[in-house]
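The block underneath contains the structure these notes are about, expressed in structure tokens.
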Amino acid sequence: MNATTQIQATLPTIGIIFGTMAILAIAEAVVPLQARPRWGKTRLGPNLALTAITILINLPLTVALSLALIWLDSIGFGLRHWLSIGTIGGIALAVVALDLAFYVAHVAMHKSRLLWRFHRVHHTDPFVDVTTTIRQHPGEVLIRYVFLASTAIVTGASPLGFVVYRLWFVLNGLLEHANLRVPTGIDTIASLVVSTPNMHKVHHSRNQRENDSNYGNIFSLFDRLFATFTPSILGTRIEYGIDGHDARELQTTAGLLAMPFANQGPSAVAVERPATARG
């Protein structure tokens with residue numbers, strides 16, 4: 001399979017992403033978790049612009065990694081081959097290992113001052129809905145890719161397992177960011193296994209103690225295992241965003257792209273996450 005063929009195979013996924021975003025946007029209007037603020041529409045342009053940029057950057061990176069995994073599969077390289085894991089087990093290994101890689105990358109982006117400068121673009125959204133999902137700085141895209149690619153190569157992730165993970169990853173990401181009112185009982189039970197909408201809303205809190213929890217994307221397992229889990233029921237009353245980053249000029253597409261490189265004033269010192277506050 002060459003690059004052109006792989007790109008053609010990847011394009012339907014983009015259609016699935018935007019189709020799912022549209023469906024969830026309709027659901028948000030019917031059963032919203034929080035009332036959308038009057039100025040909420042001003043977020044739409046920058047969020048969709050960063051979404052488009054992220055997808056355009058991810059496309060060649062995903063194609064390159066997919067082709068690499070196909071080649072590695074042909075030569076029998078990676079943990080999956082060395083342990084003689086079958087097809088179903090190989091898919092499971094890929095999903096769990098890559099979700100762990102996401103968890104580690106996510107924690108690193110919160111604990112490292114340098115990496116946080118890129119990741120905070122995602123967290124500065126003062127309201128969280130489905131358009132927040134792929135509101136990412138290009139620098140964050142590259143950071144995530146390093147963790148993802150290195151894990152996929154070492155484990156010898158099966159090409160099919162990689163596809164399953166990527167699709168599950170993005171669909172669950174859209175769901176957990178959506179401004180949906182989910183019954184707390186259902187959300188609480190589901191959060192025993194997977195990352196749910198209410199569980200992830202806690203991660204977008206202005207309260208740093210809540211913000212430094214619930215890092216998982218697909219599974220809640222790693223948050224529970226590494227003691228970074230906060231009960232999902234708290235996600236129904238979260239105040240979103242980061243103090244010092246609400247100014248309209250910072251919330252434009254240009255402002256968000258420049259944010260990691262901008263000198264921060266005194267009002268933003270807290271978001272630089274000094275060592276005494278990180279925990």
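Ranking Asp129, Asp73 by Cβ neighbours within 10 Å, fewest first, what do you get?
On the way: Asp129 24, Asp73 18.
By the 10 Å Cβ count, ascending, the order reads Asp73, Asp129.
Label separation (Thr253 vs Trp168): 3.4 nm, computed from points 7 Å beyond Cα along the C-beta direction. Placing unit charges on the Cβ atoms of the charged side chains and taking the dipole of the chain about its Cα centre, the candidate lying farthest along the positive direction among Ile14, Trp82, Ile143 is Ile143. Take each peptide in 105-116, 33-44, count the other Cβ atoms within 10 Å of every residue, and average; sorted highest first, the result is 105-116, 33-44.
Select from the chain the helices, each a whole stretch of DSSP H, whose alpha-carbon atoms run 20 Å or more along the helix axis and whose Kyte-Doolittle mean is at least -1.0; answer none if there are none. Mind showing how you got there, number by number?
Details: long enough: 3-30 (41 Å, 1.35); 44-75 (45 Å, 1.66); 87-111 (36 Å, 1.44); 138-155 (26 Å, 1.23); 159-177 (27 Å, 0.94).
Membrane-span-like by this criterion, though nothing is claimed about a membrane: 3-30, 44-75, 87-111, 138-155, 159-177.
Around the Cα centre of region 47-278, unit charges on the Cβ atoms of Lys, Arg, Asp and Glu (plus for the first two, minus for the last two) sum to a dipole of about 240 debye. Taking every alpha-carbon pair under 8 Å whose residues sit at least 6 apart, region 47-278 reaches a relative contact order of 24 percent. Gyration tensor analysis over the Cα atoms of region 37-110 returns equivalent ellipsoid semi-axes of 35, 16, 10 Å (largest first, whole Å).
FRET efficiency for the pair Thr42 and Leu79, taken as 1/(1 + (r/R0)^6) with r the Cβ-Cβ distance and R0 = 51 Å, rounds to 0.60. Against the compact-protein benchmark of 2.2 N^0.38 Å, the Cα-based radius of gyration of region 47-278 scales to 1.03. Globularity index of region 86-139 is 1.45 (Cα radius of gyration / 2.2 N^0.38 Å, N = number of residues). Phi angles across region 188-196 convert, under the Karplus curve 6.51 cos²θ - 1.76 cosθ + 1.60 with θ = phi - 60°, into 3J(HN,Hα) values of 5, 5, 4, 6, 5, 10, 10, 7, 10 Hz, Gly and Pro given as x. Over the chain, DSSP H runs of length four or greater, each weighted -39,500 (n - 2.57), average out per residue to a 222 nm ellipticity of -19500 deg cm²/dmol.
Cut-off is 10 Å between beta-carbons; in what order do His81, His204 appear when sorted fewest neighbours first? Display every interim value, and only then the final one.
Working: His81 16, His204 23.
Fewest-to-most Cβ neighbours within 10 Å comes out as His81, His204.
If you take the square roots of the eigenvalues of the alpha-carbon gyration tensor of region 134-188 and sort them as a ≥ b ≥ c, do you get rounded (a/c under 1.5), prolate (a/b over b/c) or oblate? Oblate.
By counting other Cβ atoms within 10 Å of each Cβ, how are Ser195, Ser74, Ser205 ranked from fewest to most?
The order, fewest Cβ neighbours first, is Ser74, Ser205, Ser195.
With a ≥ b ≥ c taken as the square roots of the eigenvalues of the C-alpha gyration tensor of region 78-203, please select rounded if a/c is under 1.5 and otherwise prolate if a/b is larger than b/c or oblate if it is not? Judged from the Cα gyration tensor, region 78-203 comes out oblate (a/c at least 1.5, b/c at or above a/b). Between the amide H of Leu180 and those of Leu33, distances stay under 5 Å, these residues lying 5 or more places away or on another chain, with hydrogens modeled in the peptide plane.
Each reported figure results from applying straightforward, stated rules to the coordinates on display, with no laboratory input. For clarity, every value in this text was computed on a predicted model and none was experimentally measured. No Cβ is skipped: glycine too gets one built from the backbone with ideal geometry, and neighbour counts run over all protein chains shown.
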